1. Considering only residues that are free of Cβ contacts under 8 Å to residues at least 24 places away in the same chain, within 30 Å of residue A:57 (Cβ to Cβ) and more than 14 Å from every other protein chain (Cβ to nearest Cβ), which ones fall in the range A:205-263?
2. Sort out which residues of the range B:683-720 are assigned to a loop (DSSP other than H, G, I, E, B) and surrounded by 12 or more Cβ atoms within 10 Å (Cβ to Cβ), and write them in order of number.
3. Of the conditions (1) assigned to a helix (DSSP H, G or I); (2) more than 30 Å from residue B:377 (Cβ to Cβ); (3) within 14 Å of chain A (Cβ to nearest Cβ); (4) at pLDDT 85 or above, residue B:594 fails just one. Which one is it?
4. Quick one: how many residues across the range B:358-407 are more than 23 Å from residue B:580 (Cβ to Cβ) and either free of Cβ contacts under 8 Å to residues at least 24 places away in the same chain or part of a helix (DSSP H, G or I) (or both)?
5. If the requirement is being among the β-branched types (Val, Ile, Thr) and in contact with an Asp or Glu (Cβ under 7 Å, 6 or more places away or on another chain), which of these qualifies: A:169, A:164, A:199?
6. Residues that are in contact (Cβ under 8 Å) with a residue 24 or more places away in the chain, exposed (fewer than 14 other Cβ atoms within 10 Å of the Cβ) and not aromatic (Phe, Trp, Tyr): does the range B:612-624 have at least one?
7. Could you list, in sequence order, the residues of the range A:134-148 that are among the small types (Gly, Ala, Ser) and buried (at least 19 other Cβ atoms within 10 Å of the Cβ)?
8. Report, by residue number, each residue of the range B:264-283 that is facing another protein chain (nearest Cβ under 7 Å) and either of a type in the set (Asp, Glu) or part of a helix (DSSP H, G or I) (or both).
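The values are calculated or read from the model by the stated rules, or taken from the named source; none is laboratory data. No experiment lies behind these values; they were computed from the predicted model shown. Note: ideal-geometry Cβ built from the backbone for every residue, glycine included; neighbour counts use all protein chains shown.
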Amino acid sequence: MSALLQQPGYEEERLQTVSKKLPCREVQAGMLLSLMGQPHQYSYPSIFIYGHQSSGKSHVLNVLLKELELPHATVSFVECVSVALLFEQVLLSFFGCDAASLLPRSPSLSDFVRIYRQQSSQSPAKQTRYIVMEKAELLRDSDANLLPALLRLQELVEDNVTVILLSEIVWDRFRPNTGCFEPLLLHFPDYSKGELQHILAQDRNPSYSDEFYSAYINILLGVFYSVCRDLRELRHLAALNFSKFCEPLAEGKVKETDTHKLWRNIEPHLKKAMQTVYLREVSSLQWEQMQQMEEKENGAVRGLSAHTHVELPYYSKFLLIAAYLASFNPARTDKRFFVKHHGKIKKTNFLKKNEKTSNHLLGPKPFPLDRLLAIFYSVVDSRVAPTASIFSQISSLVTLQLLTQVSHGDQIDAPKYKCAVSMDFICAISRTVNFEIIKYLYDFL
Amino acid sequence: MSTSSVSKGCFVFKPSAKKKKTLSLEDHFIHGCEGADESKTRFNQCQDLWDQIKTDTELLQDELNTKILDSLLDFTRKCSSTRQHNDWASHMRASEIPTAALVLGVNVPDHDMTFQSLSELLRQSVTPHVASVQAKECGALKHLIKRVLERLLGTDVTVDDDEEEETEQTSAPLHKSVHCSLSTLCDWYTMNTKKSYSLTPGKKRSSPVKDDLQQPPIVIIFKDLEAFNARVLQDFILICSRYIERLPLMFIFGIATSPSTIQHMLPHSVSSLLCIELFQSLSCTQHLATVIDKLILTTHFPFKLNGKVMQVLISIFLYHDFSVRNFIKGVQLALLEHFHSQPLSVLCCRKKEALLNVMQLGHQDLERIRQLPSFKRYVEKQEPQEQEHLLTDDTHLKEVCRRLIKDLRKYHKHYYPTLRCLHTLTSSLPRYPLGKQIRELHLICLEKNVWENEEYQSAMKLLKMMAKDELISLLKKCAEILQHSKSKNMKSALLLLEAMLAKFKQLDTVVAEPPPPAEESITSPVKNLQKKMDLFQLQKALLEMNESRRSKKLSPFEVLRNEALQFIDSLVQSHLSPPESQTLYEVCYYSSSATVRRHLNAAPRTSIQAALNSPFYYLQNDRLKSEDGSVSNAAPDICIVYKLHLECGRLINLFDWLEAFATVVSAAEGNDPDSDSFGKVDDVKHARFIRAVSELEFLGFIKSTKQKTDHVARITWGGC
């Protein structure tokens, strides 16, 4: 790989440190540099960079702009709860606080452009100014005129400014209906396994040798590469498990070079890490504590998903059961299940082929409140008065997200709900109240 | 205040100064109170008792929460301290936001108290920066950030496109309002920590924790995680994670269902930014058990609930809300009602005061005592001469009352230890004949004589089959319970029990006896036991075995066991009689379960139906009274319309309905049934009908239907 970036107008040394800081991203960095041109030259108005999570987009830009000391404003769009924040941050980093305070309350785009022009006429750009927008995909949810305006901001403010949009999705999903200025597209591909290995091996522990650490990284990637390519996450995992890897070394059992034995020692451990700490079943702190504990006690810490049991009041359980039945049984079968003397219902008529077995695959269906209550009164074994607390239990089940309200909240006339719990969950619930739910489910008839 | 003017117009009445005086709690209490003379004392007693109950329950709550809160505090401290390490591993690790997932159970009303004490504790011992947010105030991301900033900074925060900001404008120069972003928070934090550090580092705080507190964490509590909008939460976490290097943030998630909610709400890309640790709080049933133990099953409070009220409160808890707070509210309601409605509740206080109050009772109150059913029963048991005395001589009655009050207290002193003893003995029996929880046993005992209960008999039978070690350990526990009691009776019972335990011990030393000769006869049923049989048969066989063994010859252990159980039985029979059997129990026991139920578990639909079916009940107009449950034709229009609609099927023809209505109303007007105009629909009747029907629709009894144009559909059916 041609290790050195070259671009006239920048100091040679600086470019060298930049390329050192950007391992495996030299191509992209070089491309960007040539797009940016020399500092005083006008650059292309807008550049759109896309690539998966942690493929080095922000990192490359930050390093470039910081190391080359170019005037820039970096804004993450997720933070901009209102556009005012975006404008303010841009003005702040280009022209200082005074300019930012000129913005009126709830500024519009034209306010921003006006103030920008006013300020840039006072202090015109000697170098290209860069506005970097992270999480640009959120731009689509904001005002319709914002994205097109940002794309040709250079024209609007008549200043040497370039907008760089960073996103995880492709440009095609951005393009507004009305058309807009097309930015230059630049793709950051994922790091390959070799590249990951190269990057991760760079931050080795100072007390161990290079080879030892890169052997460790090799083992780690062997386990995790298939599930995770996020650099940040891999680095985190490497840090968490390294002490365990060094354990036999500290005890003096093996030498640094005995990779096979080290692998034998660490591999089950890493597999376990994949099921627990990687999924955030246990916290990193707990994971470290577990490592220090003896093997026997390890079972003590249970993950998040191990606690699925939910205690509910008696009637809430039945309400939930009724909701489940209403969601997964066709309404026309209610008579068969809940009316004592339902008369004859022809079996062929009753069991329609296409309806059979498909209800659980199709997911829960919405049902009106009346139906829920009708089923509730027939499944609960004692007579229940329709008190206020029964109704409030329904709404508290909704806030607990065990039910979801389908109709709009405004519609108080005939609200509709869906049951949002799984089959296992409802079976566990009905077991506690001695209710055989399987007998009442159309799919299992 | 009236206007003598005949002209139309608006008249302004200024409220007079007198009316402005707001009624105090006491006035509310005394108003409409029975036996107004001592209502003041009763109010004070009630207030005192409630204060005591409140402080006790709060203490209890704190005690119960200490464990989980302590571990949470530890967690926060640990998190804030690990942040400052500077070795290789912590440098390499992705900085996650420490997050405590606090599983609190579905009893949402109780959570407030927990969070309150949690944030107080955090403020005291870990960090001054604590903000707690609720889902309902954070519909959008900016509102969430705004709330967090407001609570941390203590100032107004502007969200630019907010409408309600206009009012803030005036105070803007004073409180410089700040921008709604986390960078503001960041600046504020660095300024704040620097200031406090340079001024007086740890002057206010105790020195050992000073080191941690150079960078006190910022704790954000999400009270109800489930109710949050997942999108908002994700974005917020994303933003926070951008600042985690500069801002030691920390989250606490209050979870009502199960911790897997976190995984449902947050995708891996977001949850990988968190370092989640789980904390499980005490289950609410355990909580209730302790509250009942400390609040109800004690002689500490003179006020008691009778069986039915207890039943109502417990079933509201178990069936409806799982909320301990609501349970205590229910107790409070019962307390208020008792002191409000029962004039004799003056005597419901501590022994000394009660005895004093007896002496101060007026003639009217004494008459009330004579009217009490329990007192009447007592009088009937006395000699005729004594009866005479009791009914006529006030001073004598007072003396007797003092004695009776003392007796009632003694009864309570015996009741609770005995109840606990019986519970320890029976709570571990198979299939729990007398209940697993002590509250169930308490309910049985409140209702009737427990020893006449079938379950009690079967429990006793099971106890008679108990092995030696088990029995001895249970009896030891009973002895421990009795030790706490100070009354004479209980002490003598304790002595007896200890003597029995000693005898059991002696058995151990003399165990070298020759094996019992009954061996052979026992073996045959034992052989029977090897066959397959269900639980019932097994029990029967065992009983038979027992019987046969007893008929043969009892071993010394068996003799002793029977003796011990007889002793327990006698204890139960003498002390566990229901409170209704005690004279003057009405003074202490609140018994109106219907009132409690009506207040705590309201049935809006039933009351609407009651109003429509029998308007007399609410309007108190004699003309509306009718015997056979039918509505008189003078009833309000809506009642008539309602009554008529009950006779229809699913679809109601509006015209027929109108005709019927007109007929009924004409009859009410006293028109001659034979005249032409009878039952004719005129404009007024038509309008009245339309109004009544739309009212009925508003109440949700009918709705318009598209099936037939001039019809409406009925929605409700049956009795409810």
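1. Correct list: A:210, A:214, A:218, A:222, A:226.
2. Looking only at the range B:683-720, we keep the residues that are assigned to a loop (DSSP other than H, G, I, E, B), and these are B:699-701, B:705-710, B:715-720.
Residues satisfying the conditions are B:699, B:700, B:701, B:705, B:708, B:715, B:716, B:720.
3. (2)
4. 16
5. Criteria check complete, one pass: A:169.
6. Applying the first criterion (in contact (Cβ under 8 Å) with a residue 24 or more places away in the chain) to the range B:612-624 yields B:612-613, B:615.
Subset that is exposed (fewer than 14 other Cβ atoms within 10 Å of the Cβ): none.
No, that holds for no residue.
7. At the first step, the residues of the range A:134-148 found to be among the small types (Gly, Ala, Ser) are A:136, A:142, A:144.
A:136 - this is the single residue of the range A:134-148 that is among the small types (Gly, Ala, Ser) and buried (at least 19 other Cβ atoms within 10 Å of the Cβ).
8. In the first step, residues of the range B:264-283 are kept if they are facing another protein chain (nearest Cβ under 7 Å); the result is B:269, B:271-272, B:274-278, B:283.
Correct list: B:269, B:271, B:277.
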